[in-house]
Amino acid sequence: MKIIKFILCLLFGILFVNAGLDKFLHYMPVPEMDAEIIKIGEAMMTMKWIIPLTGIIEIVGGILFIFPKTRALGAIVILPVMVGIVIHNITFMPSGLIMAGILFLINLWAIYDNREKYRLLIS
């Protein structure tokens, strides 16, 4: 079980580091998009800070998520981005909802698995 947990967290972290790096280096191909999604992208580009901020959060959160000692922090750092991804997929791209849902469940599982570390913050 420990090996499966490590592999899931490693893949999750690498996926987010890759997504964050792509926001700066633009090396992944962009799929065909509907006009509505293009409008959203253009709106986000007018706010010059949102894409770099999201990229930094994805890179830092992904790196933190990979290592067991920092996984609790990484799971919390990535959670708002993950919620945005799920909402975006529900609203605009239902075809990606399965992958987004699996990633969201992995994130929630990591948070649940580290619940004792969060209790120290709340108490």
* Asked: Under a point spin-label approximation (7 Å from Cα along Cα-to-Cβ), what is the residue 47-residue 15 distance to one decimal in nm?
  -> 2.4
* To do: Could you look at the chain and say what percent of its accessible area is carbon and sulfur, using a 1.4 Å probe and all protein chains?
  => 77
* For the stretch 97-112, what does the Karplus curve 6.51 cos²θ - 1.76 cosθ + 1.60, with θ = phi - 60°, yield as ³J(HN,Hα) per residue in whole Hz, taken in order and with x for Gly and Pro? -> 5, 5, 5, 4, x, 5, 5, 5, 5, 4, 5, 5, 4, 5, 5, 4
* Residues of type lysines that residue 117 reaches as a straight line, Cα spacing below 27 Å, ignoring anything fewer than 8 places off in the same chain -> 2, 5, 69
* Asked: Which log10 I(q)/I(0) values, to two decimals, does the chain give at q = 0.09, 0.21, 0.23 Å⁻¹ under the Debye formula with one point per Cα?
  -> -0.27, -1.28, -1.44
* To do: Determine, from the Cβ-Cβ distance of residue 24 and residue 70 and an R0 of 22 Å, the FRET efficiency 1/(1 + (r/R0)^6), rounded to the nearest 0.05.
  => 0.50
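Taking the Cα centre as origin and putting +1 on Lys and Arg beta-carbons and -1 on Asp and Glu beta-carbons, what dipole magnitude results for the chain, to the nearest 20 debye? It would help to have the intermediate numbers written out before the result.
Numbers: 10 positive and 8 negative charges, 138 e Å.
So the dipole magnitude of the chain works out to roughly 660 debye.
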* Before anything else, pin down the relative contact order of the chain: Cα pairs under 8 Å, at least 6 apart, normalised by residue count, whole percent. => 27
* **Residues whose placed amide H lies under 5 Å from that of residue 67, excluding near-sequence neighbours** => none
* For the stretch 49-123, with every protein chain kept in place, what is the accessible area per residue (1.4 Å probe, Å²)? -> 60
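Pick out, in residue order, every one of the trypsin sites (Lys or Arg not before Pro) in the stretch 16-51 that is DSSP loop and has at most 14 other C-beta atoms within 10 Å; say none if there are none.
Values: sites: 23, 39, 48; in loops: 48.
Qualifying residues, ordered by number: 48.
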* Can you tell which of 102, 66, 53 lies farthest toward the positive end of the dipole of the stretch 37-123, using +1 and -1 charges on the Cβ of basic and acidic side chains (Lys, Arg; Asp, Glu)? -> 66
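The values are calculated or read from the model by the stated rules, or taken from the named source; none is laboratory data. These numbers were taken from a predicted model, which means no experiment stands behind them. Please note: Cβ atoms are built from the backbone with ideal geometry, for glycine as well, and neighbour counts cover all protein chains shown. Keep in mind that these areas ignore ligands, DNA and RNA; they rest on the heavy atoms of the full protein, side chains included. Shrake-Rupley method; radii C 1.70, N 1.55, O 1.52, S 1.80 Å.
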